[in-house]
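*Asks:* Quick one: structure below, then a few questions.
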Amino acid sequence: MWIKSSTATLLVFATTVAFAAAQDYQIVKVVSVAGAAVDSLKPKTIFFTDHRADETSDKGAFIRFEEWLKTRPVEAKYLNIFPSFREGMVHKIIDGSKKEVKDELQMYVTEARFMLSRPADKVDLKAFATLPFVQSIDPSIKHEAIKPADISTMKDEKGSNNKNPDRAWCEGAGVTACIRSSYKLEGKLPIGVALANKLRDSEKKLSDTIEFESEMRLLSAADIDAEGLKKLTGVNTPVAGVLEQNMFYVNQVMRFGKLLAVFQPNPADAKSTITTVVIALAVGSSTLDQKKKYENVPVLRNLVPSQVLLGNSSFNTGNSISAGLPSYVRNRIKAIAGILDRG
């Protein structure tokens, strides 16, 4: 009991420190992180882009999966859930009949860059490729360690498409943690989910809890294409290390997610480290295409999925996932930057 209590106390302390550190960072929007001059990056500043044309619409926020592969090949190479992944086939009830259709996806991709106040060879990545590190980022999301045998990837049709043909998830070189996470929607969103379920007829009902599973990996020099990563980050110095989180199962809305953090010596100051964090989230096109269905119901006009996901709905609240993807990702990156910089 004492051990559990002490662990909980340490986690609360770590989360409090992470939150305080995150408040020190300021987000600066740029057109392209890779294209931004490294020497213009100041301490406690995060260059950020999610490709949106403006903050009030979804223009530019999502890119169809196939277009992403064609037009952003370097980004897709490193952020696809695994290299050979392609949209799979699923069964849906259409006009009363069960039909097989493509599970079309759209990608929400963000890029960020910040500076750590110590040399790249002094950043102990082993300390961050862990469950406690993930737990300290966002206290609203609950995490627990699981075994590879416990993962849910093969337990539903959409999730089964995420089976990695090269290795089993949570197994293989570099894997440091296997994690199951749970987040209960906050504010008015559970009410919105209940209302939306009344529109879904015999479709699978939405849940007011998002559940997902992921693995943490620490990649060695043998696991990476250093020259390719330099193209991704836009920083022409040796890659000192890479942290990767693969979210291979999500119970609804999203199909997969990936976070890649690349650490390189600062070309303008060898005493500091340039960290580039890129995040990709795959969202079902069927979710984004439900705009008309929601707009035609007065009580649900503010629950249009694309607007909720982008934080532009009156249903959005808080600082976590319920705030919408842009706020959630920004807050997550700020927390990560604060934790890493404090070491």
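*Asks:* Please state, rounded to one decimal and in Å, the Kirkwood hydrodynamic radius that region 186-333 gives when every pair of distinct Cα atoms enters the mean of 1/r.
*Replies:* It is 17.6 Å.
*Asks:* Next question. Starting at the first residue of region 178-193, write each ³J(HN,Hα) from the Karplus equation 6.51 cos²θ - 1.76 cosθ + 1.60 with θ = phi - 60°, in whole Hz, x for Gly and Pro.
*Replies:* 10, 10, 10, 10, 9, 9, 8, 3, 10, x, 8, 4, x, 5, x, 4
*Asks:* Nearest 10 degrees, 0 to 90: what angle lies between the long axis of helix 325-342 and the longest principal axis of the chain (Cα atoms)?
*Replies:* 20
*Asks:* Sticking with this one: With the cut-off at 18 Å, tell me which of the pairs Lys102/Lys205; Lys198/Lys293; Lys59/Lys291; Lys122/Lys271 have Cα atoms farther apart than that.
*Replies:* Beyond 18 Å: Lys102/Lys205.
*Asks:* When the Karplus curve 6.51 cos²θ - 1.76 cosθ + 1.60 is applied with θ = phi - 60°, which whole-Hz ³J(HN,Hα) does each residue of region 131-143 get, with x for Gly and Pro?
*Replies:* 4, x, 5, 4, 5, 7, 6, 9, x, 6, 9, 9, 10
*Asks:* Please report, in whole Å³, the volume per residue of the convex hull around the C-alpha atoms of region 55-209.
*Replies:* Taking the convex hull of the Cα positions in region 55-209, it is 200 Å³ per residue.
*Asks:* Would you grab the residues whose amide H sits under 5 Å from the one on Gly88? Only those 5+ places off in sequence or on another chain, please, with H modelled 1.01 Å from N.
*Replies:* The list, which skips near neighbours in sequence, is Asp103.
*Asks:* While we're on this one: May I ask you to evaluate 6.51 cos²θ - 1.76 cosθ + 1.60, the Karplus curve with θ = phi - 60°, for each residue of region 300-310 and list the ³J(HN,Hα) values in order in whole Hz, giving x for glycine and proline?
*Replies:* These are the phi-based 3J(HN,Hα) values: 10, 4, 8, 10, 4, x, 5, 6, 5, 5, 9 Hz.
*Asks:* Using the count of nearby Cβ atoms within 10 Å as a rough guide to exposure, how do His143, His51 rank from fewest to most?
*Replies:* His51, His143
*Asks:* Among the lysines, which have Cα under 22 Å from the Cα of Lys147 when same-chain residues fewer than 8 positions away are ignored?
*Replies:* Here the lysines satisfying the reach criterion relative to Lys147 are Lys4, Lys126, Lys155, Lys158, Lys163, Lys258.
*Asks:* So what's the angle, to the nearest 10 degrees on a 0 to 90 scale, between helix 2-22 and the longest Cα principal axis of the chain?
*Replies:* Once rounded, the angle reads 80 degrees.
*Asks:* Given only helices, namely DSSP H runs of n ≥ 4 each adding -39500 (n - 2.57), what is the per-residue ellipticity at 222 nm of the chain, to the nearest 500 deg cm²/dmol?
*Replies:* Result for the chain: -7500 deg cm²/dmol, rounded to the nearest 500.
*Asks:* With charges set only on the Cβ (+1 for Lys and Arg, -1 for Asp and Glu), what does the dipole of the chain come to about its Cα centre, in debye to the nearest 20?
*Replies:* 420
*Asks:* Summing +1 for each Lys or Arg and -1 for each Asp or Glu, what net charge is found among the other residues whose Cβ lies under 13 Å from the Cβ of Ser140?
*Replies:* Charge balance in the 13 Å sphere: +1.
*Asks:* Could you list which residues have their amide H under 5 Å from that of Val28, counting only those 5 or more apart in sequence or on another chain, with H placed in the peptide plane?
*Replies:* Sorted by chain and number, the residues that satisfy this are Ile46, Phe47, Phe48.
*Asks:* Around Arg64, which amide H atoms from residues at least 5 apart in sequence, or from another chain, sit under 5 Å from its own amide H, with H modelled in the peptide plane?
*Replies:* The list, which skips near neighbours in sequence, is Met107.
*Asks:* So which GluC sites (Glu not before Pro) in region 150-229 pass both tests, a DSSP loop state and at most 16 other Cβ atoms within 10 Å of the Cβ?
*Replies:* Loop-located and lightly packed - Glu171, Glu203.
*Asks:* Where does each of Leu199, Leu259, Leu300 land when they are ranked from fewest to most other beta-carbon atoms within 10 angstrom?
*Replies:* Leu199, Leu300, Leu259
*Asks:* Continuing with the same structure: For a footprinting-style exposure proxy, rank Thr237, Thr273, Thr56 by other Cβ within 10 Å, fewest first.
*Replies:* Thr56, Thr237, Thr273
Every number here is computed from the coordinates shown, using simple stated rules; none is lab data. Nothing here was measured: the structure is a model prediction, and the numbers come from that model. No Cβ is skipped: glycine too gets one built from the backbone with ideal geometry, and neighbour counts run over all protein chains shown.
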